[in-house]
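The next block holds one structure in the form of structure tokens; read it before the comments.
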Amino acid sequence: MNLCFFTEHLNQSGDGKNLTFILEGLSKAGHEISVVLLEEDRTPDGFEYLKKIYPVQIRGRKTAAFKRRKALIQDIVNDNNFDAGIAFGINANIDAALSLRGTKLPLILCVRDNPEFVPNDFSKKALRKISYPFATGIIFQTEEQKAFFPEKLQARSFVIPNFLDSLPLLPQNTQKEHSIVSYSRLENEQKNMFMLFDAFADFAKSHPEYTLKVFGDGPDKEKCETYISEIGCDWNIKLLGEPDDVTGRIYPSEIFVLTSNYEGMPNTLLSAMSIGMPCISTDCGGVRDLIQNGQSGVIVDKNDTKTMSEALSFLADNDEIRNRLGENARTMMQFFTAEKILPLWEEAINRLIHPETEVVSAPAEDENVPEQSKEQPETVQNPVDPAEEPNDFAADEETLQPEPQENAETESENAADGEVLAETSAETEPKE
């Protein structure tokens, strides 16, 4: 297939790395892959395997920028014989869907975040409502993401999880140390770093020999440093910046922790589980697709600092259970590698652009999940399933369901090219 991906940029953090796995894997499988960079004015290095990279060179969300970006996107599509376009992320999804409306190019959108929380401004939520129904299909990371959208969109969608390039080798000759580790962007609204610090401070009262290592950087670094000082943990909580070798730096610690309020499917959790780290995570979205609670990790409710502290204590005090959780986590990750997941991407793309072909199906659940012990940590309660809440699509489900492509022109007056709404929409969305 001759495919064109639309994305803001090609970076090597979070979903950028996952996109790289997809691009490289599809290229190795014999597909011709081009990429349109919607927020970049240069061609990045290291992507020689791609057929072509088109830096659009037009940043911004104002009406004029949108019109120029739309014209360039249409020119690129008209000059190539693409079999399909694939947009990656909220901004790319909106730009591609509005720009390609009425064309014959099949367009697949990829949802990479938790749609309940992202986007977080009214104008871009409205743009999402208007634009997504124009797509040929959608690829979600989790069933939770899929369930947020109307049934008519779900009917032309697939769920394909994040994945690792391969299962990494375990670091050799590494001595385990009394430390807890986390790797996250330092941004408190989404990542809830203060919960992590509070839980560790409580845990450290009974485990003073432990330190907390936090890798990553972000806009709230100074706020985090101030908060750590306020709770009196300057001596045992360390902010260590971006690691040069993620697995090598987190592996010596005994337990990996994630305290996010919301995620799409957290890549850091994939990385930690892949090297056999026993993990504790808040129930923040996509986590239940990776962790079987009490078997391959521990899940606690969001903002439940007390239970998080108890879980840390329980695992720190029980070597056997901690080791078992880590082993089971690594076993789970063999089902989240490029070898297993990339064929699902190929089949889903083919099925969406050629609906007459056989329906793609993921491996049965019992094929994906290794047999594991049912024993759960006694002091860690299973979190209740998050309550269902109304989503922002529900009220207008019937009025926002044009058939893809062929009815797009009849909706153009209502959509108004998205230009009025685009003028007030945010510049970017949060990245993992």
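Brief remarks follow.
- Residue in the stretch 184-205 that is under 25 Å from residue 315 (Cβ atoms), modelled with pLDDT under 95 and in contact with a strand residue (DSSP E or B) (Cβ under 9 Å, 6 or more places away or on another chain) present: yes
- Filtering the stretch 268-289 to residues that are assigned to a loop (DSSP other than H, G, I, E, B), within 16 Å of the chain's Cα centre (by Cα) and modelled with pLDDT of 95 or more leaves only 283.
- Residue check, residue 222 out of contact with any Ser or Thr (no Cβ under 8 Å at 6 or more places or on another chain), open to solvent by 70 Å² or more (accessible area, probe 1.4 Å) and modelled with pLDDT of 95 or more: yes
Conditions tested, residue by residue: (1) under 24 Å from the mean Cα position of the chain (by Cα); (2) buried (at least 23 other Cβ atoms within 10 Å of the Cβ); (3) modelled with pLDDT of 95 or more; (4) in a loop (DSSP other than H, G, I, E, B).
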| site | (1), (2), (3), (4) |
| --- | --- |
| 4 | yes, yes, yes, no |
| 16 | yes, no, no, no |
| 20 | yes, no, no, no |
| 53 | yes, no, no, no |
| 74 | no, no, no, no |
| 81 | no, no, no, yes |
| 85 | yes, yes, yes, no |
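- The stretch 137-191 - residue that is open to solvent by 60 Å² or more (accessible area, probe 1.4 Å), of a type in the set (Gly, Ala, Ser) and out of contact with any helix residue (DSSP H, G or I) (no Cβ under 7 Å at 6 or more places or on another chain) and, of those, nearest to residue 18 (Cα to Cα): 147
- Residue 155 being out of contact with any Lys or Arg (no Cβ under 9 Å at 6 or more places or on another chain) and closer than 30 Å to residue 330 by Cβ: no
Listed here are the residues, each with its yes/no results for (1) part of a helix (DSSP H, G or I); (2) aromatic (Phe, Trp, Tyr); (3) open to solvent by 10 Å² or more (accessible area, probe 1.4 Å); (4) within 30 Å of residue 146 (Cα to Cα).
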{"site": "198", "(1), (2), (3), (4)": "yes, no, yes, no"}
{"site": "201", "(1), (2), (3), (4)": "yes, no, yes, no"}
{"site": "208", "(1), (2), (3), (4)": "no, no, yes, no"}
{"site": "264", "(1), (2), (3), (4)": "no, no, no, yes"}
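- Residue in the stretch 89-98 that is assigned to a loop (DSSP other than H, G, I, E, B), surrounded by fewer than 15 Cβ atoms within 10 Å (Cβ to Cβ) and touching a residue at least 24 places away in the same chain (Cβ under 8 Å) present: no
- Filter result for the condition that a residue is of a type in the set (Asp, Glu), within 30 Å of residue 191 (Cβ to Cβ) and in contact with a Gly (Cβ under 9 Å, 6 or more places away or on another chain), over 41, 113, 45: 113
- Only listed residue being at pLDDT 90 or above, more than 21 Å from residue 183 (Cβ to Cβ) and out of contact with any strand residue (DSSP E or B) (no Cβ under 8 Å at 6 or more places or on another chain), chosen from 355, 343, 363, 370: 343
- Filtering the stretch 25-46 to residues that are open to solvent by 50 Å² or more (accessible area, probe 1.4 Å) and either part of a strand (DSSP E or B) or closer than 19 Å to residue 271 by Cα (or both) leaves only 32.
Residues checked against (1) of a type in the set (Ser, Thr, Tyr); (2) open to solvent by 10 Å² or more (accessible area, probe 1.4 Å); (3) on the phi > 0 side of the Ramachandran plot:
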residue: 251; (1), (2), (3): yes, yes, no
residue: 279; (1), (2), (3): no, no, no
residue: 285; (1), (2), (3): no, no, yes
residue: 291; (1), (2), (3): no, no, no
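- Residue among 275, 231 that alone is touching a helix residue (DSSP H, G or I) at 6+ places or on another chain (Cβ under 6 Å) and open to solvent by 20 Å² or more (accessible area, probe 1.4 Å): 231
- Remark: pairs (first residue in the stretch 181-196, farther than 15 Å from residue 266 by Cα; second residue aliphatic (A, V, I, L, M) and open to solvent by less than 10 Å² (accessible area, probe 1.4 Å); Cβ separation under 6 Å; 6+ apart in sequence or on different chains) = 181/250.
- Total residues in the stretch 122-136, condition more than 21 Å from residue 263 (Cα to Cα), in contact with a Pro (Cβ under 8 Å, 6 or more places away or on another chain) and open to solvent by 20 Å² or more (accessible area, probe 1.4 Å): 1
- The residue pairs whose first member lies in the stretch 121-137 and is closer than 25 Å to residue 348 by Cβ and part of a helix (DSSP H, G or I), whose second member is open to solvent by 10 Å² or more (accessible area, probe 1.4 Å) and of a type in the set (Lys, Arg), and whose beta carbons are closer than 7 Å, counting only pairs six or more residues apart or on different chains, are 134/101.
- Filter result for residue 256 (touching a helix residue (DSSP H, G or I) at 6+ places or on another chain (Cβ under 7 Å), in a strand (DSSP E or B) and crowded, with 17+ Cβ neighbours inside 10 Å): yes
- Residue that is surrounded by the fewest Cβ atoms within 10 Å (Cβ to Cβ), among those in the stretch 55-72 that are closer than 20 Å to residue 104 by Cα and charged (D, E, K, R): 67
- Residues in the stretch 295-347 that are crowded, with 20+ Cβ neighbours inside 10 Å and part of a strand (DSSP E or B): 4 in all.
The values are calculated or read from the model by the stated rules, or taken from the named source; none is laboratory data. Nothing here was measured: the structure is a model prediction, and the numbers come from that model. No Cβ is skipped: glycine too gets one built from the backbone with ideal geometry, and neighbour counts run over all protein chains shown. Calculation scope for accessible area: heavy atoms of the full protein, side chains included, ligands and nucleic acids excluded. Shrake-Rupley method; radii C 1.70, N 1.55, O 1.52, S 1.80 Å.
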